[in-house]
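As structure tokens, the structure follows; a few thoughts come after it.
The values are calculated or read from the model by the stated rules, or taken from the named source; none is laboratory data. Model, not experiment: these values are computed from the prediction. Here the Cβ is made from the backbone with ideal geometry for all residues, glycine too, and neighbour counts use every protein chain on show. For accessibility, only protein heavy atoms count, side chains too; no ligands or nucleic acids. Shrake-Rupley method; radii C 1.70, N 1.55, O 1.52, S 1.80 Å.
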Amino acid sequence: MKQKFARVLTAFAVAFTLFLPTFPAQAAVYEPDFEMDSAQEGILLLSLDTGQVLFEQNADTKMAPASLTKIMTTILALENTENWEEETATAPDYIYDEFVGLNVSTANILRGEQLTIQQLVYAMMLQSANEGASVVADHFGGGSIDKFCQMMNQKATELGCTNTHFVNPHGLDADNHYSTPRDMAKIAQYALSLPNFSEVCESSRYTIPQTNKQGPRTLVTTVLMQDRIRGGEGIYSPYIKGIKTGTTDNAGRCVVTRYQNNGKDFLLVIMGAPMEGTQNRAFLLANKLFSWADKNFTLKTPLKEGEAVHQVKVAHSFQTDNLLLQAGSDVSLLMPTSADESSVQLVVTLDSEKVAAPVEKGQKLGTVTLKLGGEPIGETTLVAAESVKRSTLLWMVDSINGLLATTTAKVILVLLGLAVAAYVAYVVLAIRREKKKRRIKRNRKYKM
């Protein structure tokens, strides 16, 4: 139960990060320095270091995800097993019915064959085994693939995927089975946060030992960009770290892949690349985009934690009239290599133009947005550089002044003034009447 609760919290944290990142999700989207041959692909290229989107095209268009679907299937397999090396699942007969007559990717898992969850995950992620995905769905869906698909959609919702819906665990073309590059990026980012996922998808080979049905077999990755032998010149790159491919007639060529070099970490989603015979356009395009991003962007820190940014006026304190505000955290982001950090503009937004003591050191008092060429590229909090004590006397005086400045107080003062004036008038009249009575008395006395 504790593990399940922790997983829900992790999912929420990743979704929250994706929706409200330190850096605006749509910050400064740039144009590659090469000609895009087609405008039909769905593309999202982002930095895993900062969350910045560097390039996007049709990123929110619903498309067939093909075997990218298996990333979600793998997420649920990893989350719902206690020990993936020992827990086993048996391939049921019925799952093979939908594959009859179809030319689908497979790991040659036989009916009744028993495999560990670890072996099934490698079969799905490396060799894109469709029957492997169905075995996983049957196992964790309690014998119901439909129930497992409900779990997939629930997880997608938890991760903030608003344009994704799954009807099968493998990704074969089907009505109402779709996702978008942006949603697939969210799913992939969450998968990368799970234990064992990166190890699996970065592997080029994996050997399943002898099972109850057959001898050992070696699985081979379909991400040819990370396979020196099968990828070859023009496709292979030593900086590619997985993750998953997908291909169907409806989906075209798809890939979710990761690139790490020069201290930079990129994630790329390509969906709907046109089929071009044996040439995988998604691979070619991915290498171009990664090369462009690696060459043209540098990870910089134009604003460092504790750096002075602004001042704010302080009330109710003899200690100081102005409080220094500083950056609450480093702002590290990808900037064009040619850009100078000094060209970054700092735009301050204060929670209040004047802060009232007491103030605690590190207390959030505003935000600072970093802009380059007028475009927001980063953001962090502004915090108090020191603690400021409150003067009780100044606070009381200010409170009284504030109270007297209210409409209610003004009305009361007017009424009090009128009451005092009325009382004074009454006293004056009373004195006059008393004097008059005394004069009358004296006059009567003298007449007698």
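Which trypsin sites (Lys or Arg not before Pro) in segment 281-390 sit in a loop by DSSP (not H, G, I, E or B) and have at most 16 other Cβ atoms within 10 Å of their own Cβ?
Sparse-neighbourhood loop trypsin sites (Lys or Arg not before Pro): Lys304, Lys361, Lys389.
Once the Cα atoms of helix 130-140 and of the chain are each reduced to a long axis, what angle between those two axes, in degrees from 0 to 90 to the nearest 10, is obtained?
Between the helix axis and the principal axis of the chain, the angle is about 50 degrees.
Using alpha carbon coordinates only, what is the Rg to Rh ratio of segment 62-163, with Rh defined as the Kirkwood radius?
Rounded to two decimals, Rg/Rh equals 0.95.
So what does Thr207 come to for accessible area, using a 1.4 Å probe and Å² rounded to 10?
Ignoring ligands and nucleic acids, Thr207 comes out at about 70 Å².
How large is log10 I(q)/I(0) at q = 0.07 Å⁻¹ when the Debye formula is applied to the Cα atoms of the chain, each weighted equally and without solvent?
Calculated log10 I(q)/I(0) at the listed q: -0.50.
If you line up the long axis of helix 392-404 against the longest principal axis of the chain, both from Cα atoms, how many degrees apart are they, to the nearest 10?
80 degrees
Could you order Ser342, Ser237, Ser387 by accessible surface area, starting with the largest, using a probe radius of 1.4 Å?
Ranking Ser342, Ser237, Ser387 by accessible area, largest first, yields Ser342, Ser387, Ser237.
Would you mind finding the longest exposed-site-free stretch of the chain, with exposed chymotrypsin sites (Phe, Trp or Tyr not before Pro) meaning DSSP loop and at most 14 other Cβ atoms within 10 Å?
Here the longest segment lacking exposed loop sites spans 35-317.
Strictly greater than 23 Å: what percent of every Cα pair in segment 231-380 meets that?
Summing the P(r) of segment 231-380 above 23 Å gives 56 percent of all pairs.
Using only the Cα atoms of segment 143-257, what do you get for the radius of gyration and for Dmax, in Å?
16.1, 45
Please report the relative contact order for the chain, taking Cα pairs under 8 Å with a sequence separation of at least 6, and give it as a percent rounded to a whole number.
14 percent
Roughly how many Å is it from the Cα centre of segment 95-110 to that of segment 263-323, as a whole number?
First find each Cα centre; the distance between them is then 42 Å.
Nearest 20 debye, what's the magnitude of the dipole of the chain about its Cα centre given +1 on Lys and Arg Cβ and -1 on Asp and Glu Cβ?
Dipole magnitude for the chain comes out near 5880 debye.
Count charges around Leu365 for me, please; just the other residues with Cβ under 14 Å from its Cβ, Lys/Arg as +1, Asp/Glu as -1.
0
May I ask which residue of Ile431, Ala339, Tyr178 lies farthest towards the positive end of the charge dipole of the chain, with charges of +1 (Lys, Arg) and -1 (Asp, Glu) on Cβ and the Cα centre as origin?
Farthest along the dipole direction, towards plus: Ile431.
Leaving out ligands and nucleic acids, note down the accessible area per residue over the chain with a 1.4 angstrom probe, in whole Å².
So the chain comes to 50 Å² accessible per residue, rounded to a whole number.
Can you tell me the relative contact order of segment 91-214? Whole percent, Cα pairs under 8 Å, sequence separation 6 or more.
24 percent
If ligands, DNA and RNA are left out, what is the accessible area of Leu289 with a 1.4 Å probe, given in Å² to the nearest 10?
0 Å²
Once ligands and nucleic acids are excluded and a 1.4 Å probe is used, how much of Val383 is accessible, expressed in Å² to the nearest 10?
20 Å²
Report relative contact order for segment 120-162 in percent, whole number only (criteria: Cα-Cα under 8 Å, sequence separation at least 6).
Computed value for segment 120-162: 21 percent relative contact order.
Can you give the calculated 222 nm mean residue ellipticity of the chain, where each DSSP H run of n ≥ 4 adds -39,500 (n - 2.57) and the sum is split over every residue, rounded to the nearest 500 deg cm²/dmol?
Helix-only estimate at 222 nm: -11500 deg cm²/dmol.
If you roll a 1.4 Å probe over the chain with all protein chains in place, what percent of the accessible area is carbon or sulfur?
That fraction is 53 percent.
How are the Cα pair distances of segment 120-211 distributed, in percent, across 10 Å bins from 0?
Percent of pairs per bin, in order: 16, 43, 36, 5, 0.
Give me the net charge of Ile240's neighbourhood, meaning all other residues with Cβ under 11 Å from the Cβ of Ile240; Lys, Arg count +1, Asp, Glu -1.
Within the 11 Å Cβ shell, the charges total +1.
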